[in-house]
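The values are calculated or read from the model by the stated rules, or taken from the named source; none is laboratory data. Remember, it's a predicted structure, so these values are computed and weren't measured experimentally. Because the Cβ atoms are built from the backbone with ideal geometry, glycine has one as well, and the counts that use them run over all protein chains shown. The protein model used for the area step is the full one, side chains on, heavy atoms only, and it has no ligands, DNA or RNA in it. Shrake-Rupley method; radii C 1.70, N 1.55, O 1.52, S 1.80 Å.
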Amino acid sequence: MTLLLKATQVTRNFNVKASKTWFAKPRVLRAVNQISLELNSGQTLGLVGESGCGKSTLARMLIGLLPTSSGEITFAGQPIQAKRNAHWRAQRRDMQMVYQDPLAALDRRLKIFDQVQEPLVIQKIGDRAAQLAATREALESVGIGQDLYGRYPHELSGGQRQRVVMARALVLKPQLLVCDEPVSALDLSIQAQVINLLSQLQKSRNLAMLFISHDLRVVRHICDDVAVMYLGKIIEQGPANKILSNPAHPYTAALISAVSHPNGARGFHGTDSKLRKRILLTGEPPNPIDIPTGCAFHPRCPSVLARCKTQAPVKTMLDARHSVACHLHSGTAPLAYMPSANESLLIPPIEALA
Ligand code: SF4
């Protein structure tokens, strides 16, 4: 595996007006706060967290759609271009995005074959015959038959539309695919098909994939690694199987405990019935303009310690690949609610709900 994408201390600020009064001074909203991550070719990294935690902002910066406020991003060893020049366009060819809403991502006035061919025409790749052959190949690879080539997006089902969006992304043969909630707008029965197709394409093409989702079932199914975000920061990162079965951060545990099971149960599967219950977080996520001092999660944390209110936890490596930012792991305090070794969190497979 070779290192493809690297972000170092990436931050993105927005100036926003905190009140509607005419003379209100703009305040800084830190949507992404000093995030560092790496992604290898052929690897899938899941990015999870509540809405508004900065997942999509980070993804847009990683593929050069949004400039950073500070920090550095490199793709295949080259800095990501902020200016939209010829070099930016050449880089973007290798980084494609699959969006949440396929109908919004497609042009309703164009037939689907023309839409999939369009990136080749814009990037001036190959002659007309080569473009037609590449378009057919991309559509075939996502299971869209010739009978649908002449249709418009509104004439397709949700699952077919998302396949067309995937074909449009894959026709340029990218090295990196960023999927922003690619199945959240689809029916449950279609979700499993699209996820399996993505997984199969990712393996056959050795694609690196950044997979944004709030659905942990999907993340467990498709991702090698997972990064959990809270208010613009990564608070836990490591192998998906490990984190989703034995989380180290209270917020990750709360997210997992909210996953519903096919039998209606939630939360921990252990001998202690208390641990089977959902971990209910009190309060709403704080306003990102007024991030709490110390650990940003402390007003909602069920295991909060005195120092959490004043000291921000630093990243601690629990092993070579698993990191967490929480005082429970930086000192001698007990892991108040964590499952014991013979207990684990169970996330039902996505097929179970399909
Ligand atoms: Fe909870 Fe403290 Fe850990 Fe933050 S640092 S998650 S408040 S225990």
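General observations
- The residues of the chain expose, per residue, 47 Å² of accessible area to a 1.4 Å probe.
- Residues whose amide H lies under 5 Å from that of Tyr230, counting only those 5 or more places away or on a different chain, are Ile235; hydrogens are built 1.01 Å from N in the peptide plane.
- Mean Cβ count within 10 Å, highest first, over the residues of peptides 114-122, 80-88: 114-122, 80-88
- Under 13 Å from the Cα of Lys111 - aspartates and glutamates, other chains or at least 8 residues apart: Asp147, Glu155
- For Met97, the amide hydrogen comes within under 5 Å of the amide hydrogens of Val178, counting only partners 5 or more places away or on other chains and with H modelled in the peptide plane.
- The H on the amide N of Leu4, modeled in the peptide plane, is under 5 Å from the matching H of Leu39, Asn40, Ser41, each at least 5 residues off or on a different chain.
- Among Lys25, Lys203, Lys315, the residue with the largest mean-square fluctuation in a Gaussian network model of the chain, with springs joining Cα atoms closer than 10 Å, is Lys25.
- Taking all protein chains together, Phe75, Phe113 sort by accessible area into Phe113, Phe75, largest first [probe 1.4 Å].
- Most mobile listed residue (Ile235, Ile73, Ile125) in the chain, GNM with C-alpha springs under 10 Å: Ile125
- 13 Å Cα-Cα reach of Lys233 towards aspartates and glutamates, excluding residues that sit fewer than 8 places from it in its own chain: Glu50
- Between segment 292-325 and segment 143-222, the Cα center-to-center distance that results, in Å: 35 Å
- Over 30 Å between alpha carbons, listed pairs Lys17/Lys83; Lys55/Lys173; Lys6/Lys173; Lys6/Lys309; Lys25/Lys55: Lys6/Lys309
- Solvent-accessible surface ranking, highest first, for Arg92, Arg128 at 1.4 angstrom: Arg128, Arg92
- The Rg/Rh ratio for the chain is 0.99, where Rg is the radius of gyration of the alpha carbons and Rh is the Kirkwood radius.
- With DNA, RNA and ligands ignored, accessible area of Asp319 (1.4 Å probe; Å², nearest 10): 60 Å²
- Taking the 1.4 Å solvent-accessible surface of the chain as the whole, the part contributed by carbon and sulfur is 51%.
- Based on C-alpha pairs under 8 angstrom that are at least 6 apart in sequence, the chain has a relative contact order of 18 percent.
- Each peptide among 295-301, 156-162, 186-192, 6-12 gets the average number of other Cβ atoms lying within 10 Å of its residues, and from highest to lowest they stand as 295-301, 156-162, 6-12, 186-192.
- Taking a sphere under 11 Å around the Cβ of Gln115 and counting the other residues whose Cβ falls inside, with K and R at +1 and D and E at -1, yields a net charge of +3.
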